[in-house]
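Quick notes on the structure that follows.
The values are calculated or read from the model by the stated rules, or taken from the named source; none is laboratory data. Since this is a predicted model, take the numbers as computed values, not measurements. Counting neighbours? That spans all protein chains shown, and the Cβs are built from the backbone with ideal geometry, glycine included.
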Amino acid sequence: MLRDKNIVIGISGGVAVYKVCDLVSRLKKLHANVHVIMTKSATEFVAPLTFQSLSQNYVVVDMFEEPKTWDVEHISLAKKADLFLIAPATANVIGKIANGIADDMLTTTIMATRAPILMAPAMNTNMYTNDIVQENINKLKSRNYKFVDPEAGRLACGDVGVGKLANNDIILEHIKEMLNPVEDLKGKNVLITAGPTREWIDPVRFISNPSSGKMGYALAKSASERGANVTLISGPVSIEKPTGMSNFVKVETAEEMYNEVVKVVDSQDIVIKTAAVGDYRPKSKSDIKLKKSNSKVSLELEPNADILFNIGNNKKENQIFVGFAAETNDVIEEGKKKLIKKNLDLIVVNDVTEVGAGFQSETNIIKIIDKEKNVKEFPMDTKENLSNIIIDEIVNLLK
């Protein structure tokens with residue numbers, strides 16, 4: 001599968017450098033041609049000679065050292081690459097690439113390549129979740145850089161959280177998919193809803209919830225990359241629209257989301273409802289801002305339509321419907337009830353009171369329940385990784 005593929009691996013400085021030795025070895029066993037570029041800080045963790053022995057190619061470190069061939073080194077490797085992997089990708093190298101800084105052999109070669117780029121971040125959890133680092137990652141994702149999300153666990157510094165370099169098995173799968181794309185949803189129409197809804201009280205106040213839309217957007221990205229024609233209907237969120245959407249619709253209220261879903265649901269093969277739709281709305285909305293007073297204020301609410309219940313009980317024979325349920329207690333039992341009530345094929349449930357599984361989080365802890373009431377539990381992982389696990393379960397149903 002990787003025979004004679006030219007894979008350039010850029011290694012930046014971090015404790016996880018030692019894990020890349022095994023990755024290089026495994027790529028060679030798959031008959032790939034591996035070329036390694038190291039930053040100077042990376043050589044503090046593992047000597048270039050180690051990677052030279054494993055890759056059987058000269059390791060490039062210094063941009064100004066005497067060239068080993070007549071080629072301009074960084075241009076030669078940039079042109080040669082079928083895929084460029086950066087592992088571990090530190091906050092520093094991510095920030096430099098995101099902002100166009102090319103001050104060493106690794107970043108210079110990245111700027112010169114036209115090959116697809118895969119980045120495997122590894123760093124302290126507080127660094128990884130830092131807003132600036134996340135902005136840089138999202139900026140690169142919007143330019144079609146691919147990422148293997150780091151894993152959660154105990155880090156070298158002793159902290160516990162997301163930041164460990166992804167397992168080499170997972171990195172290898174990403175490499176294989178990028179060089180030999182898996183399109184197991186090719187030709188399928190997939191509808192995904194994401195984010196919160198807002199129900200207005202007056203022109204400046206509304207009822208909503210903390211949903212970030214990250215899970216739905218990750219699913220939309222995964223489904224699109226696997227060949228699906230994706231329609232994403234999104235409530236108000238602050239994240240970038242995923243690339244590759246066949247149709248992207250912004251809505252605000254539950255009623256607007258319901259209307260947009262009804263328009264397209266009959267033409268869909270798969271429906272994934274991740275949106276946190278408001279259950280209630282104010283019975284009446286004031287046209288002007290309600291003024292503050294010392295008196296108590298009562299707000300009368302009326303129920304919104306249950307989108308998933310309505311479409312689930314009218315679904316066609318060959319359609320697959322997947323629901324999400326954010327719960328705070330009796331998670332599995334509540335999930336099973338909703339699975340039956342809404343006529344779903346799968347339901348993904350999580351306990352939002354668990355650390356790492358609530359709204360706004362980069363991670364989630366999920367349980368997937370099928371029609372036979374079988375429950376599969378998954379440990380804390382990034383929403384991007386979990387999105388592919390959910391898509392795998394859907395593909396199994398298609399088979």
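Considering only segment 112-148, state which residues are part of a loop (DSSP other than H, G, I, E, B), surrounded by fewer than 14 Cβ atoms within 10 Å (Cβ to Cβ) and within 16 Å of the chain's Cα centre (by Cα).
Within segment 112-148, R143, N144 meet the criteria.
Before we move on, is V264 of a type outside the set (S, T, N, Q), more than 20 Å from the chain's Cα centre (by Cα) and over 23 Å from N313 (Cβ atoms)?
no
For segment 151-177, what are the residues that are of a type in the set (A, V, I, L, M, F, W, C) and either touching a strand residue (DSSP E or B) at 6+ places or on another chain (Cβ under 6 Å) or outside any loop (DSSP other than H, G, I, E, B) (or both)?
The answer is A152, L155, V160, V162, L165, A166, I170, I171, L172, I175.
Could you list all residues from segment 312-340 that are surrounded by fewer than 18 Cβ atoms within 10 Å (Cβ to Cβ) and touching a Gly at 6+ places or on another chain (Cβ under 9 Å)?
E327 - this is the single residue of segment 312-340 that is surrounded by fewer than 18 Cβ atoms within 10 Å (Cβ to Cβ) and touching a Gly at 6+ places or on another chain (Cβ under 9 Å).
How about segment 357-383: which of its residues are within 18 Å of L165 (Cα to Cα) and either basic (K, R) or modelled with pLDDT under 85 (or both)?
The answer is E362, T382, K383.
Looking at D306, D345 in this structure, which one is surrounded by 14 or more Cβ atoms within 10 Å (Cβ to Cβ), of a type in the set (D, E, K, R), modelled with pLDDT of 90 or more and touching a strand residue (DSSP E or B) at 6+ places or on another chain (Cβ under 6 Å)?
None of the others qualify; the one that does is D345.
Of the residues in segment 69-111, how many are aromatic (F, W, Y) and either modelled with pLDDT under 95 or surrounded by fewer than 24 Cβ atoms within 10 Å (Cβ to Cβ) (or both)?
Here the count works out to 1.
State yes or no: is A152 within 18 Å of the chain's Cα centre (by Cα) and outside the structural domain of H31 (by TED's automatic domain parsing)?
Taking the combined requirement at face value, the residue does not satisfy it.
In segment 211-250, what residues are surrounded by fewer than 22 Cβ atoms within 10 Å (Cβ to Cβ), modelled with pLDDT of 95 or more and among the β-branched types (V, I, T)?
V237, V249 - these are the residues of segment 211-250 that are surrounded by fewer than 22 Cβ atoms within 10 Å (Cβ to Cβ), modelled with pLDDT of 95 or more and among the β-branched types (V, I, T).
Considering (1) within 25 Å of K29 (Cα to Cα); (2) at pLDDT below 95; (3) of a type outside the set (K, R), say which one V160 fails and leave the rest.
(1)
Looking at segment 326-342, can you tell me whether even one residue there is in contact with a strand residue (DSSP E or B) (Cβ under 6 Å, 6 or more places away or on another chain), over 25 Å from L397 (Cα atoms) and among the polar types (S, T, N, Q)?
Checked segment 326-342: no residue is in contact with a strand residue (DSSP E or B) (Cβ under 6 Å, 6 or more places away or on another chain), over 25 Å from L397 (Cα atoms) and among the polar types (S, T, N, Q).
Would you check which residues across segment 262-281 are part of a loop (DSSP other than H, G, I, E, B) and within 25 Å of V395 (Cα to Cα) and list them?
Q268, D269, T274, A275
Determine which single condition G335 fails, assuming it passes every other condition in (1) over 24 Å from K214 (Cα atoms); (2) out of contact with any helix residue (DSSP H, G or I) (no Cβ under 7 Å at 6 or more places or on another chain).
Single failed check for G335: (1).
Filter segment 7-42 for residues that are within 17 Å of E177 (Cβ to Cβ), of a type outside the set (G, A, S) and either in a helix (DSSP H, G or I) or in contact with a Lys or Arg (Cβ under 7 Å, 6 or more places away or on another chain) (or both) and give the result.
Listed by number, the residues that qualify are L23, R26, L27.
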